[in-house]
Structures are given as structure tokens and as C-alpha cells.
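First comes the structure, then the notes that go with it.
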Amino acid sequence: MQLHLACRHCDQLVYIASLQKTQVAYCPNCRSKIALGKNNSEQKVVALSICAIAMLLSSLFYPFISFSEQGITQTITLLDAGKILFEFNSPLLGILIDITIIFLPLTLLVFFILIHIGLLKILPRTYASKLLKMIFILIPWVMSEIFLIGILISMIKIMSIADISFGLSFFSFSAFIFFYLMCLTHIDKNKLWQHIAMVDNRPLIGTPARAIEHNYRACHNCQQLISSNICDRCHSKTYSRYPFSIQKVMALLLTSLILYIPANYYPIMHTWVLNQDEPSTILGGIVTLWQMGSYPIAIIIFIASIIIPLAKIFVLTLLCYVVTYKNTLDYASQYQYTKMYQLTEFIGKWSMLDVFVVAVLVALVQLGALMSITPGVGAIFFAAMVFTSMLAAHAFDSRLLWDSIDTTQAKSRFHNKNQEYK
Ligand SMILES: [Zn+2]
Ligand SMILES: [Zn+2]
């Protein structure tokens, strides 16, 4: 399979003649992964998707976790987590959890099977490209793996006060996550777009160069190199850079910073013991865990809920500042800023961990007057904060970091400098 594309991180033009089974293609400029050479990836995706669907469906109908305290046992299924939140005046949180951990991955898995057994060739080109576009937009919003970690953390939180046992569904849900993540590694975006149309007829460019220097635009959906305003493969509008990227990022960051205040000020959950309310905020929960001696869990929640959101806001603001005000950047800083951005984009959704912990605790600890947990309004603000900061990270165009100077010259300068140091 021949590929001629522009790296989506730095706009470097890359030509890949063919890839062997075990080979991976990296961008020669920013060293980001560009393509994977995998044989029989279609069959593997179909097989893994079928396994994942079977595991996910079977995890819906059996007991998930049971919780016993002084002779009272509460058993929940996977669907109960969303349902109980829905009943406790948090319909938004309930719907969000059901969608991101069950319905979205299930729908995506069905589409993974259909597009790998030939649906793209049967559908008219406009529908096929709309479908592929939608699939790749939705993939980053699946949060089942974070929910699983959330379950384990909430178990540790309440292990000292009650007996916990995992039901069959817990194990099939874990297996579903394994198959789902494996399946993602075999999905080849470039190959799928080539099923829709082979329009890769750009002239070969011998020397390292960037798409913008040749007046090419890389379509943000299908990565087709194009010089017109409309992509001839997926019919989307093309831009050489995302329009108003910095303004969008700053607006979303400001929103998420504002949401961060009520998210930390209001309690994220209320624990009712003998009808006495004990509200706890995010920071309060971490302090309690620390005092209880659960140091690793306290550290994980502290990093996921306090450090990651703040670091993300800081890094994205820094990148916007650099792109707007710094006219000259050397290769080393361009490279480091790109890696920083990639890490921010990857790590962002893990901040949802604490919201999932609350969801599991609310679903599980419902023992009437003896002890029950209800969600607090802080959890909704927190979830909204995570979502806006994820949108902010997606809106940033990292190619702007490489636009400031002539990259080829800078890169050779950087390599020469490194040689001198050696
Ligand atoms: Zn690159
Ligand atoms: Zn396109």
C-alpha cells in the first residue's frame, strides 16, 4: 500500500512505498507514529469486535458487584450505575455514563465489523465518508477503560467498611475492554479511507518539505493531500490550518477554568450515615483517603483530578502563547512542545476517573437509613470541566508550532549541535 501524506502533527510530507508486517512508519521530522504495517488487519478487527460485543452484552445481564454490610446485601448490574444516578437527580451524569461506557463502544464495535466486511464499498461515497468521519470523531470519547479503573478504586475505598464481591459481569466487562483496546490497535485509518477512493496521485517530492510550502492542504478527516477548498475524497472543506484554532482553544480553556472552581467548591458526593449528611469535595475525599492510609489511591486521584486538569490548562495556554507571540522557535523546542501537546491530548480523559468513582459508589452503597451515597452537584461541574478541556485539546492545531521558521534548516542545525556535544 503506497501512502503519500502530510504528518498531522507537523505538516511534514511523507512518502511510504510499502510497509512490512512488523514495521511502523514514523514522521522523519517530529517522530510521531504515522502508519502501521499490519497483515490481515481486517479479519483481526472483525474477530476482536465480535468477541468484544459478546463480552459487553453478557456483562449487562449478570450481577456486576455485590456489597454487604451488616446482613444487608446490595447487588448491581452494569446498567444500574447509570439508572441509579438518573433517579438521584443527576440524569445528566447517568446518561453520560451509560453513553461513554456502554452505548458508544457498542455502536462503534458494530460499525467496526460492518466497515471491515465491505460496507464502505457498497455505500454511496458521500455516506461512506460521513460514516468514517463520524467513527473517528467518536473513538476518543469511549471511556470504558477509565470506568474499570474507577470501579477498582471505589472498591478499595469501601473495602474497609463492607464485604465486596465481584460478579460474573465484572470479569466479562474486563474482557470486553481487553478486546476493544486490542481491536483499536488493528484499525488502519489510511487503509479504510483508501477503500472509499484511491486518489493518491500527488507528485513525489524528493527533498523533505512541508505541505504548506507546496500549497497542499491535508484534509483533516481523511488526510488526503489536496490543493483545492473541498477534499475530492470525502467532500469536507479543507483548511491549511484549523480556522480560529487559538481563539477556540482559549475560549474552551477559559470555560473549563471557570467550571473548575464550582467543581472543587461543591461536594462531589454526600455520604449519609444514619440520616446524617457528610458531604465531601474532591480535595476533601483525597485528604480522607490519605488519613485512612490509602496512599497510592490518594495519589492517583490527586493526580487525575487536580494535577492533570490544571496541567492541561497550563500546557494549552503555554502552547497558545508560544504560537501567537514567539516568532522564532528552534527545532528542539518545536519537538518538545509537540510531544507535550500529544501527551496532553492522550491523558485528558483520565480526569473523569473521580466522576466514575462517585458513580460506582452511588450505585452500590444504597442501604437505606444505615448508609447511602448520593451524587453532589460538584460532580456535574467536574464532568463538564473535563469535557470542555478535552474539546480544547482537540481544537488545537499542533502544526502551528512548526510554522514559525524554516524547519529543515532548523532541524539540521539541531542535529549538528547534537553532534558537537557528542
Ligand atoms: Zn510529523
Ligand atoms: Zn478528505
Failed condition for residue 248, given (1) among the charged types (D, E, K, R); (2) at pLDDT below 90; (3) over 30 Å from residue 373 (Cβ atoms): (2)
From 100, 75, which residue is within 28 Å of residue 378 (Cα to Cα), touching a Pro at 6+ places or on another chain (Cβ under 6 Å) and away from ligand 1 (no atom under 16 Å from the Cβ)? 75
Within region 306-330, can you find the residues that are among the β-branched types (Val, Ile, Thr) and outside any helix (DSSP H, G or I)? 328
Examine region 49-61 for a residue that is touching a helix residue (DSSP H, G or I) at 6+ places or on another chain (Cβ under 6 Å), in the same structural domain as residue 109 (by TED's automatic domain parsing) and over 30 Å from residue 117 (Cβ atoms), and state whether such a residue exists. no
Could you check how many residues of region 180-197 are assigned to a helix (DSSP H, G or I), away from ligand 1 (no atom under 16 Å from the Cβ) and closer than 18 Å to residue 130 by Cβ? 5
Here are 53, 34, 84: which of them is surrounded by 16 or more Cβ atoms within 10 Å (Cβ to Cβ) and under 18 Å from residue 374 (Cα atoms)? 84
Checking residue 392 against (1) part of a helix (DSSP H, G or I); (2) at pLDDT below 85, which single condition isn't satisfied? (2)
Of the residues in region 142-166, how many are in a helix (DSSP H, G or I) and touching a residue at least 60 places away in the same chain (Cβ under 8 Å)? 11
Residue check for residue 68: farther than 26 Å from residue 137 by Cα, surrounded by fewer than 18 Cβ atoms within 10 Å (Cβ to Cβ), of a type in the set (Gly, Ala, Ser) and touching a strand residue (DSSP E or B) at 6+ places or on another chain (Cβ under 9 Å): yes
Go through region 16-40 and give me each residue that's more than 22 Å from the chain's Cα centre (by Cα) and touching a residue at least 60 places away in the same chain (Cβ under 8 Å). 28, 29, 38
Assess whether residue 49 counts as being over 26 Å from residue 183 (Cβ atoms), away from ligand 2 (no atom under 16 Å from the Cβ) and not in a loop (DSSP other than H, G, I, E, B). no
Taking into account only those residues within region 301-360 that are under 20 Å from the mean Cα position of the chain (by Cα) and basic (Lys, Arg), which is farthest from residue 279 (Cα to Cα)? 339
Starting from residues that are surrounded by fewer than 16 Cβ atoms within 10 Å (Cβ to Cβ) and part of a loop (DSSP other than H, G, I, E, B), keep the ones in region 21-31 and report whichever is nearest to ligand 2 (Cβ to nearest atom). 28
Those residues of region 25-64 which are charged (D, E, K, R) and within 16 Å of ligand 1 (Cβ to nearest atom) amount to 31, 33
Scanning region 332-350 residue by residue, those of a type outside the set (Ser, Thr, Tyr) and surrounded by fewer than 22 Cβ atoms within 10 Å (Cβ to Cβ) turn out to be 332, 336, 339, 340, 342, 343, 345, 346, 347, 349, 350
From the list 370, 329, 316, 353, which one is surrounded by 18 or more Cβ atoms within 10 Å (Cβ to Cβ), at pLDDT below 90 and more than 16 Å from ligand 1 (Cβ to nearest atom)? 353
Of the residues that sit in region 212-230 and are within 16 Å of ligand 1 (Cβ to nearest atom) and of a type in the set (A, V, I, L, M), which one is farthest from residue 131 (Cα to Cα)? 212
Of the criteria (1) in contact with a helix residue (DSSP H, G or I) (Cβ under 8 Å, 6 or more places away or on another chain); (2) among the aromatic types (Phe, Trp, Tyr); (3) under 21 Å from residue 218 (Cβ atoms), which one residue 15 fails: (1)
Looking at 246, 258, 297, 303, which is the one that is of a type in the set (A, V, I, L, M), touching a Leu at 6+ places or on another chain (Cβ under 6 Å) and either within 23 Å of residue 90 (Cβ to Cβ) or part of a helix (DSSP H, G or I) (or both)? 297
Going through region 1-19 one residue at a time, which ones are farther than 27 Å from residue 109 by Cα, surrounded by fewer than 16 Cβ atoms within 10 Å (Cβ to Cβ) and away from ligand 1 (no atom under 14 Å from the Cβ)? 2, 17, 18
Scanning region 49-82 residue by residue, those under 25 Å from the mean Cα position of the chain (by Cα) and modelled with pLDDT under 85 turn out to be 80, 81, 82
Taking region 289-304 and keeping only residues that are among the polar types (S, T, N, Q) and modelled with pLDDT of 85 or more, one is left with 291
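The values are calculated or read from the model by the stated rules, or taken from the named source; none is laboratory data. These numbers were taken from a predicted model, which means no experiment stands behind them. Don't worry about glycine lacking a Cβ; one is built from the backbone with ideal geometry, like all the others, and counts go over all protein chains shown.
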